[in-house]
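Values in this text are rule-based calculations from the coordinates and carry no lab data. Given the structure is predicted, the values throughout are model-derived calculations rather than measurements. Note: ideal-geometry Cβ built from the backbone for every residue, glycine included; neighbour counts use all protein chains shown.
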Amino acid sequence: MKLHLRSALIVWIALLPAFVAEGQVKFTTVVNSQQMGQRDYLQVQFIVENAQQIDEFDPPSDFPGFHVVEGPIQSRGMSVINGNMSQYKGLSFVLQPTHTGKFTIAGATAVVDGKKMRANNVVVTVHPGGSGAALGGPSSSGPFGGLPGVQPFGPDPLEPPGPEAVNREEVLRPGENIKDKINRNLFVKVQVDRNTCYVGEPIVATYKLYSRVNAESRVTRSPSLNGFSVYDMVNPGTDAVSVEKLNGKAFTVHTIRKAQLIPLQSGNIDLDPVEVENIVHFVKAGARQEAHRSGDRFRDLLDQLSGDENLGPAIDENVALDTKPLTISVKSLPEENKPVGFNGAVGNFTIEASLGSKTVAAQDEATLHVVVKGRGNLPVVTAPVVDWPAGIDAFDPAAKEDVNKSVVPMSGAKSFDYLFTARDSGNFLIPAINLSYFDPLAQKYKTVNTEPLQLRVTPAAKRPRPGPPASAAASSSTGDGPEGFVKGLLEMVLAVLIGLGVLLFWLRRVNRKPAPLPAPEMSTPQPAAAYVPAAPAPDPLAEAREYFDNGDYKAFYREVNRALWKSIGRKIDLPSSELNKHNVIAQLELRGWDGPSILSLENILNDCEMNLYTPAYDAYNMQQLLRQAEWVLDRLA
């Protein structure tokens with residue numbers, strides 16, 4: 001068994017508001033699981049909270065069906081608020097089953113505020129098998145759960161047993177230097193799987209705390225890792241604990257942070273340090289204390305809990321630690337043989353494409369689905385360029401990713417959906433789509449491509465002119481009920497008023513005396529020019545207005561989007577494959593468009609795309625969008 005002595009005063013004070021509820025004393029038995037395999041480990045905690053005085057804290061004499069791997073591990077603390085003192089004390093054990101069955105973990109006993117109390121019993125069922133895995137990090141239900149903004153950890157009740165026992169340096173013996181002893185047994189390190197990589201090639205950085213002492217530790221500065229895209233492989237809020245052997249000694253290892261780092265630029269990049277503050281606890285030993293040691297570490301700890309003065313005084317030492325500087329050398333991707341259109345993909349990938357439907361009607365929307373699969377920097381892979389045939393108008397693609405970031409390099413898939421429409425009927429060939437990437441293992445560029453896709457476009461379907469909303473038709477087809485009566489009455493009053501107005505106008509004309517006509521001038525009569533009224537300009541948003549009036553909001557956004565791109569295509573002479581927002585904005589700026597005009601165009605296109613994929617319809621916003629579209633279309637005319 002290993003002796004663990006720790007005083008949790010600082011963490012207890014910080015956490016006291018979360019645990020003191022009306023000052024109620026609690027004495028509980030907590031286990032990490034009540035169902036476990038025979039090869040698994042069981043964590044048992046006996047906890048007294050909110051007490052003013054705790055004496056004679058005794059755990060069960062044995063644990064039937066289990067053998068003790070570690071323990072007893074003591075944690076304790078106190079706080080004074082408004083003159084009222086409150087104590088916390090806990091004993092913990094790590095156990096492993098000796099055989100299968102159902103076993104009862106008896107509660108510990110203690111004299112709490114002068115009254116003898118007993119913690120509850122817990123029944124644990126052990127079944128065959130089990131993972132044999134070490135226990136996880138600190139339990140959120142325990143008194144030393146994570147604090148907001150800091151990461152506390154250390155050799156606490158949930159420390160797992162490793163492949164080899166960690167013999168802790170807990171006793172400060174005569175002649176030992178406390179700082180030298182801490183330096184040998186407590187330190188932080190940063191480890192990387194490689195020191196040199198290419199731009200876009202991930203490396204793995206792991207920050208660890210190594211300990212062979214009883215200490216309370218917290219991270220006071222996390223590494224910012226500037227110059228990299230960062231993908232955490234371990235949740236930074238957890239305390240991943242393991243046991244490692246260094247120079248022949250076993251250390252408890254706490255993983256502070258483990259992440260994949262994808263460099264964004266070439267050059268030497270320094271990894272920021274991590275800083276950890278620690279309170280290290282020792283027990284000072286002298287000749288008298290050594291002479292009175294029983295040799296039974298379990299008994300010696302119980303003697304200390306009961307106040308035996310044979311043990312020496314406790315000594316606490318504050319220590320600040322940080323990692324040593326570490327530089328990563330990032331190489332530029334080679335310029336030689338770099339493919340045209342290379343988009344920064346680094347790793348090993350494949351690409352495939354498919355059509356949502358191989359036959360569509362002209363002017364109807366269709367979808368091209370492109371998927372990039374493989375291992376590498378998938379999150380930063382951009383949409384491949386599609387060389388659209390003439391007569392097809394395409395929109396910017398929507399991207400989705402399904403990436404496993406816990407493996408190195410990351411693996412998974414990233415998909416891109418391209419919406420497009422064909423202006424006229426016919427047979428079209430969508431050429432093969434290429435993806436170029438850099439393979440860091442082969443140290444060369446590679447290109448993969450899809451198969452060409454055949455698309456058949458039928459003539460545009462005749463769209464029936466949208467009728468009035470059903471509610472309006474219903475109300476106009478019937479005069480029954482109060483609403484029909486009121487409407488009919490209003491129409492009759494309006495007709496009478498119009499008739500009176502016409503009658504008054506006619507009477508005034510009859511009673512008015514005609515003015516004398518001027519003498520006509522003698523001139524040669526000219527034939528009158530024939531009057532030809534100008535044809536009204538077609539409204540490009542007419543169908544969108546009808547869809548809005550009819551309540552077909554998805555069709556409304558689709559039609560506004562189509563009308564804008566159609567007008568943009570007439571205004572700007574660009575191939576279909578280059579007709580995207582980026583190129584359009586660049587061309588409009590060259591034509592003298594100002595910032596507000598371009599911003600309005602961008603807002604309309606973004607709103608249309610967003611509501612096509614994630615609809616959140618609002619009639620007022622749609623009316624505002626129509627007004628903006630009218631203004632932009634006037635400028636594009």
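Any chance you could run the full-extension gain for ALA461 through ASP573? It's 0.36 nm times the residue separation minus the Cα-Cα distance, nm to one decimal.
Contour length minus the Cα-Cα distance gives 37.6 nm.
Going by amide H atoms built from the backbone, whose H comes under 5 Å of the H on PHE66, apart from near neighbours?
Distant-sequence amide H within range of PHE66: THR98.
Give the long-range amide H neighbours of ASP364: residues separated by 5 or more places, or on another chain, with amide H under 5 Å away, using H modelled in the peptide plane at 1.01 Å from N.
ALA422
What are the extents of the Cα atoms of segment 542-636 along their three principal axes, in Å, largest first?
For segment 542-636, the Cα extents along the three principal axes come out at 38, 26, 23 Å.
Count charges around LYS116 for me, please; just the other residues with Cβ under 14 Å from its Cβ, Lys/Arg as +1, Asp/Glu as -1.
Taking every Cβ under 14 Å from that of LYS116, the sum is -2.
Using θ = phi - 60° and the Karplus form 6.51 cos²θ - 1.76 cosθ + 1.60, what ³J(HN,Hα) does each residue of segment 554-569 get, whole Hz, x for Gly and Pro?
With the stated coefficients, segment 554-569 comes to 5, 5, 4, 5, 5, 6, 4, 4, 5, 4, 5, 5, 5, 5, 4, x Hz.
For segment 100-106, just list the computed ³J(HN,Hα) in residue order, Karplus coefficients 6.51, -1.76 and 1.60, θ = phi - 60°, integers in Hz, with x standing in for Gly and Pro.
Here the 3J(HN,Hα) series is 7, x, 10, 10, 10, 8, 6 Hz.
Could you run the Karplus curve 6.51 cos²θ - 1.76 cosθ + 1.60 with θ = phi - 60° over segment 580-591 and give me ³J(HN,Hα) per residue in whole Hz, x for Gly and Pro?
Result, ordered by residue: 9, 4, 4, 5, 4, 4, 4, 5, 5, 5, 5, 8 Hz.
Holding the Cα-Cα limit at 27 Å, pick out from LYS102/LYS245; LYS258/LYS400; LYS26/LYS179; LYS331/LYS446; LYS358/LYS414; LYS181/LYS208 the pairs that are longer than that.
LYS102/LYS245; LYS26/LYS179
Lys and Arg at +1, Asp and Glu at -1: add these up for the other residues within a Cβ distance under 14 Å of SER357 and post the number.
-1
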